[in-house]
Amino acid sequence: MYIELLGYLSSLLVVFSMLMTSVVKLRIINMIGSTLFAIYALLIYSYPTAATNACLIVINLYNLYRLNKNARNYAIVKLPPTDSFVRFFLDSHERDMKQFFPVINKNILYDYTCLICHDTNPVGILLAKTEEDGVLNIHVDYTIPAYRNSSVEKYLLTWLAKEPITKLVTNNVSETHATYLKKIGFTEKDGRLVKNIEKV
């Protein structure tokens, strides 16, 4: 009975992983499900099934490694604030974006407007205004669901370190996004979240 429950649980995890919008979460949950499935297959002496799931574990590990090391595949393209593709990207992802940035004014002309691309695909956008003394006031720093929890933010911070920017500030973000920003080094100061840029 317990062996059958293990089989059902592993199958459920594999199916559940397919519902993940984040590639990283999909790979992790799928790998856990494949590991349990391989154990289940060994317990019932189904060696071909065990071998198949062992291969899936290796594939998931390899892809997680690639997701963590693929910063070289990213590129940032600076665009004028009036660029039509900027408006198209904002309109396409507006509903999801407002979960993290409740106050989005698409009529503001941001003097610091960038698209983050993976290979040739746009996966994120940065809308900000420059202030005095190298301060960049970020209004929107959005990544599409499939690329969250991967190396996009790490690449962006490394790229910004090469720009004439000394500090990042932001406000008007959701509690969820504020919690995430604190995890990557932002601190609260004067009602805003602040992060000093480490130059490379």
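Here are a few things to note about the model shown:
- Listed conditions (1) in contact with a helix residue (DSSP H, G or I) (Cβ under 7 Å, 6 or more places away or on another chain); (2) of a type outside the set (Gly, Ala, Ser); (3) within 18 Å of Thr170 (Cβ to Cβ); (4) outside any loop (DSSP other than H, G, I, E, B) are all met by Phe100, apart from (4).
- The condition of being surrounded by 16 or more Cβ atoms within 10 Å (Cβ to Cβ) and either under 17 Å from the mean Cα position of the chain (by Cα) or over 19 Å from Pro81 (Cα atoms) (or both) holds for only one of Ile184, Ile125, that being Ile125.
- Hits in region 1-51 (condition: touching a residue at least 24 places away in the same chain (Cβ under 8 Å), closer than 30 Å to Tyr142 by Cβ and either part of a loop (DSSP other than H, G, I, E, B) or hydroxyl-bearing (Ser, Thr, Tyr) (or both)): Thr21, Ser22
Each reported figure results from applying straightforward, stated rules to the coordinates on display, with no laboratory input. Since we're looking at a predicted model, the values are computed, not measured. Because the Cβ atoms are built from the backbone with ideal geometry, glycine has one as well, and the counts that use them run over all protein chains shown.
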